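One structure below.
The values are calculated or read from the model by the stated rules, or taken from the named source; none is laboratory data. This structure is a prediction, so every number in the text was calculated from the model and none was measured. Note that each Cβ is placed from the backbone with ideal geometry, even for glycine, and that neighbours are counted across all protein chains shown. Accessible surface is based on the protein model in full, side chains and every heavy atom, while ligands, DNA and RNA are left aside. Shrake-Rupley method; radii C 1.70, N 1.55, O 1.52, S 1.80 Å.
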2 protein chains.
Amino acid sequence: MRDIVVIGHKANTSGDFTLNDLPGSAGRMDILCRCVSSALFLSFGMRRDVNVHLLLLGEPDPGKILRFEGLHLRYLNPDERSSGSLIQKALQKSATEQDIRSTPGVWIRRGNLDSLLSGFEGRTLLYLREDGEDIRAIANEIRDPVFILGDHVGVTEEEEAQLLKAGAKIISVGPLSLHSNHCITLIHNELDRAEAERGELPGEADSRIED
Amino acid sequence: MRDIVVIGHKANTSGDFTLNDLPGSAGRMDILCRCVSSALFLSFGMRRDVNVHLLLLGEPDPGKILRFEGLHLRYLNPDERSSGSLIQKALQKSATEQDIRSTPGVWIRRGNLDSLLSGFEGRTLLYLREDGEDIRAIANEIRDPVFILGDHVGVTEEEEAQLLKAGAKIISVGPLSLHSNHCITLIHNELDRAEAERGELPGEADSRIED
Ligand SMILES: C[S@@+](CC[C@H](N)C(=O)[O-])C[C@H]1O[C@@H](n2cnc3c(N)ncnc32)[C@H](O)[C@@H]1O
Ligand SMILES: C[S@@+](CC[C@H](N)C(=O)[O-])C[C@H]1O[C@@H](n2cnc3c(N)ncnc32)[C@H](O)[C@@H]1O
């Protein structure tokens, strides 16, 4: 399983925005939409072994966590508007601390970085930062990872402290600072290659669709 | 310089579409929009050493070539709608065989794959196909490349024959079939890493902005 967390510091938390302006009225929701797409899409079908967690911290109701489960996901197309629309639908539910299902494979709850991280006990936490250890040097040893990325403003000092306290290792995907969705594509490629080298099916490419 | 060609077999060629439906009414223009964004954006600013060439082959006026020049580009944001809007503006010009400038850094002309390839004489043509040679094995030797990618239907047999006749080498970016924009991100990363290893500034990260 590959889990991917993206922190959206300005991302709208009520669903009250227009799909025609995901960067503006929705608080750079376009970034999160591209992350969902890069995390989940293969050329033909979906990465069923991937979950995406969006931590939305913008106004008017900060602290919502959306989860996209590759295994159960439906109604998602690769364009930004499509993920934007599933995000909007989920935000229109009245969220509690307990998961509520919005559409197949999309869940929403209230929470913060700490509550999100507490659900990953026993997993390998990998926090992406430009000056981290090169993922290419360790890709072969990575098992059952949870990757954590920032948005256009990165990760705050406080969040970073929480990540390090939870045991996260800092890794880099290359020599330039890139957009979060590009980093996700690079992570997948490193793991796909490592799995293929080990003779496994990369990205569980044959993966079942359950519903 | 890195040049990237994407062939859009169904992509609208009149500009007569709505930005609210890039996948449908615009003939999977969303694919090309994501390619433009993945080819040109860094975290802070643009890759000034990159040109993107979109070959649009859909109705109603097939055979238009749009060129995005990283060095001169303005008014582009990373979201799909932003590149979609620059594409639409360019398509609304009456195109001839000669380049016409639409917005800063965006050019349009009539043409086909042959006329496009003839402009790349002396360059290294690299055609992306799932079963090609691993780019990672040769990234260090790549200089002044032109990468050619298909869209959701790939590359036709006839186009492939033209590419091979022009001397293109077939390369792969990994063990799974991916979306075209994901492939572009992976190409850049291989070249960025190779340049950094050689002690060059990867992606000409310091690059000047001319206008
Ligand atoms: C647009 S970048 C953030 C830019 C910048 N770090 C800042 O603080 O404003 C978005 C996220 O992508 C990840 N990232 C970008 N480039 C990276 C690289 N080369 N290696 C690892 N992670 C990277 C980081 O997690 C970062 O928070
Ligand atoms: C969505 S894929 C095309 C799917 C499939 N090849 C077809 O013919 O329908 C879009 C393009 O990305 C490129 N591509 C996808 N995966 C690739 C890989 N692993 N290596 C090299 N190129 C790849 C190819 O240029 C392909 O035409």
Ordered shortest first, which distances in nm separate the 7 Å Cα→C-beta label point of residue A:92 from those of the other copies?
3.1
Note on the protein assembly as shown, DSSP bridge orientation, antiparallel percent to nearest 5 equals 45 percent
Would you mind pulling out the separation of the Cα centroids of the stretch A:150-199 and the stretch B:126-180, in Å?
27 Å
Run the numbers on the stretch A:1-108 and let me know its relative contact order in percent, using alpha-carbon pairs under 8 Å that are six or more apart.
30 percent
Restricting to lysines and to Cα separations under 23 Å from residue B:93, and discarding same-chain partners fewer than 8 apart, the set is B:10, B:64
Work out which residues of the stretch A:13-45 lose at minimum 50 square angstrom of accessible surface when the other protein chains are put back, relative to the chain isolated, with a 1.4 angstrom probe, and list them by number.
A:20, A:43
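With every protein chain kept in place and ligands, DNA and RNA left out, what is the accessible area per residue of chain B? Probe 1.4 Å, answer in Å².
Per-residue accessible area for chain B comes out at 40 Å².
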What's the magnitude of the charge dipole for the protein assembly as shown around its Cα centre, counting Lys and Arg as +1 and Asp and Glu as -1 at the beta-carbon? Answer in Debye, nearest 20.
820 debye
Contour minus Cα-Cα distance for residue A:124 and residue A:75 (0.36 nm per residue):
14.6 nm
Just to be sure I understand: if you take the accessible area of chain A alone plus chain B alone and subtract the pair, with a 1.4 Å probe, what total do you get in Å², rounded to 100?
3200 Å²
For the protein assembly as shown, what does -39500 (n - 2.57) per DSSP helix run (n ≥ 4), summed and divided by total residues, give at 222 nm, in deg cm²/dmol to the nearest 500?
-8500 deg cm²/dmol
Inter-label distance for residue A:131 and residue A:156, nm, one decimal - labels placed 7 Å from Cα along Cα-to-Cβ
2.1 nm
Select from the stretch A:130-181 those trypsin sites (Lys or Arg not before Pro) which occupy a DSSP coil region and have at most 16 other Cβ atoms within 10 Å, ordered by residue number.
A:143
Accessible area of the stretch B:2-204 with a 1.4 Å probe: how many percent of it is carbon plus sulfur?
47 percent
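So if I place +1 on the C-beta of Lys and Arg and -1 on the C-beta of Asp and Glu, and nothing else carries charge, what would the dipole magnitude of the stretch B:19-171 be about its Cα centre? I want it in debye, nearest 20.
Working: 19 positive and 23 negative charges, 155 e Å.
That gives the stretch B:19-171 a dipole magnitude of about 740 debye.
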Give the nm distances, rounded to one decimal, from residue B:15 to the matching residue in every other copy, measuring between label points 7 Å along Cα toward the beta carbon; shortest first.
3.8
Residues meeting the amide H criterion for residue A:148 (H placed from the backbone, H to H distance under 5 Å, 5 or more places apart or on another chain) are A:5, A:126, A:127, A:128
Taking the chain alone as reference and the full protein assembly as comparison, with a 1.4 Å probe on protein heavy atoms only, the residues of the stretch B:173-190 that lose at least 40 Å² of accessible area are B:175, B:176, B:177, B:178, B:179, B:182, B:185, B:186, B:189
May I ask you to find the residues of the stretch B:74-88 that are shielded by at least 20 Å² of accessible area once the whole protein assembly is considered instead of their isolated chain (probe 1.4 Å)?
B:78, B:79, B:80, B:81
Percent RCO, i.e. relative contact order, over chain B, from Cα pairs under 8 Å lying at least 6 residues apart:
24 percent
Beta bridges by DSSP in the stretch A:1-156, antiparallel share as percent, to the nearest 5:
50 percent
How far is residue A:118 from itself in the other copies, in nm, if each label sits 7 Å out from Cα along the Cα-Cβ line, shortest first?
6.9
With a cap of 14 neighbouring Cβ atoms within 10 Å, and only residues DSSP puts in a loop, list the chymotrypsin sites (Phe, Trp or Tyr not before Pro) found in the stretch A:17-96.
A:44, A:75
